[in-house]
1. In the range 225-249, how many are in contact with a helix residue (DSSP H, G or I) (Cβ under 9 Å, 6 or more places away or on another chain) and closer than 24 Å to residue 11 by Cβ?
2. Select, from 33, 67, 39, the only residue that is within 10 Å of the ligand (Cβ to nearest atom), basic (Lys, Arg), assigned to a helix (DSSP H, G or I) and surrounded by fewer than 21 Cβ atoms within 10 Å (Cβ to Cβ).
3. Have a look at 15, 5 and point out the one that is under 20 Å from residue 137 (Cβ atoms), at pLDDT below 95, more than 13 Å from the ligand (Cβ to nearest atom) and among the small types (Gly, Ala, Ser).
4. What is the residue count in the range 299-315 for residues that are farther than 16 Å from residue 24 by Cβ, of a type in the set (A, V, I, L, M, F, W, C) and surrounded by fewer than 17 Cβ atoms within 10 Å (Cβ to Cβ)?
5. Does any residue of the range 287-295 turn out to be in a helix (DSSP H, G or I), in contact with a strand residue (DSSP E or B) (Cβ under 8 Å, 6 or more places away or on another chain) and among the aliphatic types (A, V, I, L, M)?
6. Considering (1) surrounded by fewer than 17 Cβ atoms within 10 Å (Cβ to Cβ); (2) out of contact with any Lys or Arg (no Cβ under 7 Å at 6 or more places or on another chain), say which one residue 260 fails and leave the rest.
7. Kindly indicate whether residue 123 is more than 9 Å from the ligand (Cβ to nearest atom), more than 20 Å from the chain's Cα centre (by Cα) and either over 22 Å from residue 28 (Cβ atoms) or among the charged types (D, E, K, R) (or both).
8. Check off (1) within 12 Å of the ligand (Cβ to nearest atom); (2) buried (at least 17 other Cβ atoms within 10 Å of the Cβ); (3) within 30 Å of residue 176 (Cα to Cα) for residue 77 and give me the number that stays unchecked.
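The values are calculated or read from the model by the stated rules, or taken from the named source; none is laboratory data. As the structure is a prediction and not an experimental result, all values here were calculated from the model. Because the Cβ atoms are built from the backbone with ideal geometry, glycine has one as well, and the counts that use them run over all protein chains shown.
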Amino acid sequence: MTAPAPTGKPLLDTARGLRQPKPPIWIMRQAGRYLPEYREVREKAGGFLNLCYAPELASEVTLQPLRRFDLDAAIIFSDILVIPDALGQNVRFEKGEGPVLDPITPQTLGRLDPDAVLGHLAPVFETLERTKTALAPEKTLIGFCGAPWTVATYMIGGRGSPDQAAARLFALNHPEAFARLIDLLVEVSATYLIAQLSAGADMVQIFESWALNLDENAFESYVIAPNKALVEKVRAAVPDAVITGFPRGAAGMIGRFARETGVNVIGLDYATPLAFANENLDSKIPVQGNLDPLRLVAGGAQMESRAREIVDGFAHRPHIFNLGHGIVPQTPIENVSRLIDIVKA
Ligand code: CP3
């Protein structure tokens, strides 16, 4: 196979397997509460979901981190929980509490309306179109969705939980209803990602934030199979779609996730040792990650030396520098600038 031609977007090219002399960088949750200009716009929008569905403001917030920092990508401002919202489930973001949903049951599952999804999410596509026009040509525009299992854990449990017990029990006690829910989420998430790619996203990321706490059989059926089905559906419509998988907590299952789902890039959480990733992932597969977000909060020498270790550890393969999970609100802005300087040095 011949190497693909460069696009002029270093981050996208890395994701397509073209190693760069210096790793391109973006930061998960790079638009967010650690930025005063974000907090200001969020206040003006009158709530988080309103902001997600206001294209002009959402596009502004998407671009904010790129005005401050030399990042190589913008990620569209939205949330993984716009899917349950679009399906008709009640989703609220309460201050200081995170998301709260009215949990679905096997009995209420049938009320979810997949035909409503594209219409409801039209503002997200407009945000992508606006952002694409405003973005410099060398920057990559990233779209995203939650993976079916991760979204299902919120739909079933009604909120984030340390062990996803409600969703794990639902899957074991109601296997048919669970399969219907996962199939529905594969279907609507594929439609959603395809629409994001046609609205201007250069690539997409599937956030499987709760790939942890699962035994190997559960991992195979809740995580690998739905991610694979989602990737296949997207590629059936967009054959050259560039897709990042982020199976947070996959641990010993990371190699199988990479081989079996067909994603282009593997996002690594910060608990994944660099050598373990290199041993378990073919050296042609691009990786993304994986600095601990709290190292970015604390800053200083420990952050700088770990960032250099990560850059060196993945120097022989295509690598997109990132955190190993989202940036947290208490992160000092000057530490972000320093990190980017280190990675680009
Ligand atoms: O990365 C970006 O800058 C793009 C926007 C983005 C948000 N959420 C905005 C957001 C992305 C990519 C997400 C993904 C997301 N949302 C995930 C997967 C990534 C991860 O962190 O594991 C998950 C699990 C969610 C669900 C979610 N949304 C939670 C658990 C929370 C509360 C926790 C928190 O950080 O407040 C949210 C709210 C949320 N999503 C905020 C932002 C900027 C904060 C809301 C606010 O402004 O008050």
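1. Our first condition is that a residue be in contact with a helix residue (DSSP H, G or I) (Cβ under 9 Å, 6 or more places away or on another chain); within the range 225-249, this holds for 225-234, 236-238, 241-245, 247-248.
If we keep only those that are closer than 24 Å to residue 11 by Cβ as well, we get 227, 230-231, 234, 237-238, 241-245, 247-248.
Going through the range 225-249 one residue at a time, the tally reaches 13.
2. On the way: 33 fails: assigned to a helix (DSSP H, G or I); 67 fails: within 10 Å of the ligand (Cβ to nearest atom).
Just a single option satisfies the conditions, and that option is 39.
3. None of the other options fit; the residue is 5.
4. Counting residues in the range 299-315 that are farther than 16 Å from residue 24 by Cβ, of a type in the set (A, V, I, L, M, F, W, C) and surrounded by fewer than 17 Cβ atoms within 10 Å (Cβ to Cβ) gives 1.
5. Let us first name the residues in the range 287-295 that are in a helix (DSSP H, G or I), namely 293-295.
Now narrow it down to the ones that are in contact with a strand residue (DSSP E or B) (Cβ under 8 Å, 6 or more places away or on another chain): 293.
Imposing the further condition that a residue be among the aliphatic types (A, V, I, L, M) reduces the set to none.
Taking every residue of the range 287-295 in turn, none turns out to be in a helix (DSSP H, G or I), in contact with a strand residue (DSSP E or B) (Cβ under 8 Å, 6 or more places away or on another chain) and among the aliphatic types (A, V, I, L, M).
6. So the condition that residue 260 fails would be (2).
7. Values: more than 9 Å from the ligand (Cβ to nearest atom): yes; more than 20 Å from the chain's Cα centre (by Cα): no; either over 22 Å from residue 28 (Cβ atoms) or among the charged types (D, E, K, R) (or both): yes.
No, not satisfied.
8. Answer for residue 77: the failing condition is (3).
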